[in-house]
1. What is the residue count in region 34-58 for residues that are aliphatic (A, V, I, L, M) and more than 22 Å from V87 (Cβ to Cβ)?
2. Quick one: how many residues across region 57-93 are in contact (Cβ under 8 Å) with a residue 24 or more places away in the chain and part of a helix (DSSP H, G or I)?
3. Mind telling me which of the residues E141, E115 ends up being under 20 Å from the mean Cα position of the chain (by Cα), modelled with pLDDT of 95 or more, at negative phi and open to solvent by 70 Å² or more (accessible area, probe 1.4 Å)?
4. Is it the case that A55 is aliphatic (A, V, I, L, M), open to solvent by 40 Å² or more (accessible area, probe 1.4 Å) and within 26 Å of R142 (Cα to Cα)?
5. For Q122, all conditions in the list (1) outside any loop (DSSP other than H, G, I, E, B); (2) over 20 Å from C106 (Cβ atoms); (3) not aliphatic (A, V, I, L, M) hold save one; what is the number of the exception?
6. Of all residues in region 168-217, which are under 15 Å from R230 (Cα atoms), without any contact (Cβ under 8 Å) to a residue 24 or more places away in the chain and part of a strand (DSSP E or B)?
7. Tell me, please, whether a residue that is open to solvent by 60 Å² or more (accessible area, probe 1.4 Å), among the aromatic types (F, W, Y) and under 23 Å from V112 (Cβ atoms) can be found in region 167-182.
8. How about region 219-249: which of its residues are at positive phi and either buried (at least 23 other Cβ atoms within 10 Å of the Cβ) or within 16 Å of the chain's Cα centre (by Cα) (or both)?
Amino acid sequence: MILYFSGTGNSRYVAKRMGEELGDEVVSVNERLKNKNREALRSQTPFVVVSPVYAWRLPRVVEGFILETAFEGNADVYFVLTCGDDVGNAAKYARRLCAKKGLRFCGLEPLVMPENYITMYQAPGREEAEQMIRRAEPELERFAGLIREGKPFPGPKVTLDGRVKSSLVNRLFYPLYVNARGYYAAEACVGCGRCVKLCPLNNIRLENGRPVWGRKCTQCMACICGCPVRAVEYGKRTQGKERYYLTEN
């Protein structure tokens, strides 16, 4: 079973491609979170968790989902984390998470995909993004091959810098950056409610036809990058920036 958490479509794309390669079921963590669905997940094949990396680790919202959900059947778990550059020492914490759940950690691999964290970085243009996705295909197929053969992921080499980023920097990242205080709807907003629909934590509501953000933001970028009229902004950090949202089509 392929499980994915996705803000702007990278992880959804990877999960669906791996589902095609492995002939396996694909399940959206976003939908289960949004619907408060904590029913047990049962699979005879290994579980594969596909997610963006957050500050060089698995997002806390995904960790929480795994801890709160029963996994039945096959106890093997692989992790594929989409990233802009690297995943630091994320494997250490994924292994620890599996130990808490009584699951077998089978490795973690990074997969470089187009940058989407536009409150801090620049997203690529369409042509560059398409090239990056094409370059990711051979790696994606390699991951699927290892899973099919029952082999563990070798994982990337971990550096001292990676250890620091996944520990100290990650701990600072959440209190400093993971909040919705900077989001607002510019005049271009048409009140379509797409941001409300896309938010996996039900953190956005419409009031008088305008989106209002609550306090449960996980900074997945779905609202800002998925807005069809580019009306959502985050303070002055995102003004004039390219938006990246990989559609399902």
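The values are calculated or read from the model by the stated rules, or taken from the named source; none is laboratory data. The structure displayed is predicted, hence computed values, not measured ones. We place every Cβ from the backbone using ideal geometry, glycine too, and count neighbours over all the protein chains shown. Areas reflect the complete protein model, heavy atoms only, side chains present, ligands, DNA and RNA absent. Shrake-Rupley method; radii C 1.70, N 1.55, O 1.52, S 1.80 Å.
1. Of the residues in that region, 2 qualify.
2. Final tally of qualifying residues: 12.
3. Exactly one residue qualifies, and that residue is E141.
4. Working: aliphatic (A, V, I, L, M): yes; open to solvent by 40 Å² or more (accessible area, probe 1.4 Å): no; within 26 Å of R142 (Cα to Cα): yes.
So A55 does not fit the description; no.
5. (1)
6. Within region 168-217, no residue meets the criteria.
7. Within region 167-182 (the criterion being open to solvent by 60 Å² or more (accessible area, probe 1.4 Å), among the aromatic types (F, W, Y) and under 23 Å from V112 (Cβ atoms)), the answer is yes, since at least one residue qualifies.
8. Taking region 219-249 as the starting set, the residues that turn out to be at positive phi are 219, 221, 230, 235, 240.
Answer for region 219-249, where residues must be at positive phi and either buried (at least 23 other Cβ atoms within 10 Å of the Cβ) or within 16 Å of the chain's Cα centre (by Cα) (or both): Q219, M221.
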